[in-house]
Every structure is written in structure tokens, then in C-alpha cells.
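Undergrad: The structure follows.
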Amino acid sequence: MWIEAKLKCEVDHTPYRVYINDELITERFYTIDPAGTASNDLLVHLKPASEYEIRIENLSDNLVTLSEYTTKEQLDEN
């Protein structure tokens, strides 16, 4: 199953971790690009499960939040 998640934060270079079903998926620094994009995207392929719990662990006082996520069996071909 593919999970696509959009994360949001107002502060560049904010550290955070993403867990899905209590498994650490990634540890990153939030990036705001020069064009002003204020979001980071996550794309990960996992074994199918009945549900997915996505949790953001903030590693500073700046908050990174989960804006939205979708699950797909296949990625769209572009």
C-alpha cells in the first residue's frame, strides 16, 4: 500500500519524525523552499494493513503537523 502524506510547518529547518503504526518511518528537517512552498510531502510503500496511524513527533518547539494523507494500492502513472 502506498501512503502519501502532506506535512505543514511555518518554520524552516524544523526537525521532526514520522511514525506509521508506531514504526519510525523517517526523521527529517522541515524545508521551506525559496519559492515559498510551506509543506513537505512523504511517499512510502508499506505492507497492507486494516488502518494506518500516522504520528508526527516534533523535536523542537516548532510544530510540524499532518495536513492530510491518502492511501493507494498503486501510484498514478504520469
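Undergrad: Give me a count of the residues in the stretch 13-24 that are in a loop (DSSP other than H, G, I, E, B) and without any contact (Cβ under 8 Å) to a residue 40 or more places away in the chain.
TA: Of the residues in the stretch 13-24, 3 are in a loop (DSSP other than H, G, I, E, B) and without any contact (Cβ under 8 Å) to a residue 40 or more places away in the chain.
Undergrad: Tally time: how many residues in the stretch 28-44 are touching a residue at least 12 places away in the same chain (Cβ under 8 Å) and either closer than 16 Å to residue 63 by Cβ or not charged (D, E, K, R) (or both)?
TA: Residues flagged as touching a residue at least 12 places away in the same chain (Cβ under 8 Å) and either closer than 16 Å to residue 63 by Cβ or not charged (D, E, K, R) (or both) within the stretch 28-44 amount to 11.
Undergrad: Given the criterion on the phi < 0 side of the Ramachandran plot, surrounded by 11 or more Cβ atoms within 10 Å (Cβ to Cβ), among the acidic types (Asp, Glu) and not in a strand (DSSP E or B), identify the matching residue among 10, 27.
TA: That would be 10, the only listed residue that is on the phi < 0 side of the Ramachandran plot, surrounded by 11 or more Cβ atoms within 10 Å (Cβ to Cβ), among the acidic types (Asp, Glu) and not in a strand (DSSP E or B).
Undergrad: Can you find, within the stretch 30-57, the residue that is farthest from residue 71 (Cα to Cα) among those that are polar (S, T, N, Q) and assigned to a strand (DSSP E or B)?
TA: Residue satisfying both the conditions and the ranking: 39.
Undergrad: Can you find, within the stretch 30-44, the residue that is farthest from residue 76 (Cα to Cα) among those that are at pLDDT 90 or above and surrounded by 14 or more Cβ atoms within 10 Å (Cβ to Cβ)?
TA: Residue satisfying both the conditions and the ranking: 30.
Undergrad: So, one more: If you take the residues in the stretch 46-60 that are small (Gly, Ala, Ser) and in contact (Cβ under 8 Å) with a residue 12 or more places away in the chain, which one is surrounded by the most Cβ atoms within 10 Å (Cβ to Cβ)?
TA: 60
Undergrad: In the stretch 42-68, which residues are farther than 17 Å from residue 1 by Cβ, touching a strand residue (DSSP E or B) at 6+ places or on another chain (Cβ under 6 Å) and of a type in the set (Asp, Glu)?
TA: 57
The values are calculated or read from the model by the stated rules, or taken from the named source; none is laboratory data. Only a predicted model underlies this, so the values are computations on that prediction, with no experimental measurement involved. Here Cβ is always computed from backbone atoms with ideal geometry, including for glycine, and neighbour counts include all displayed protein chains.
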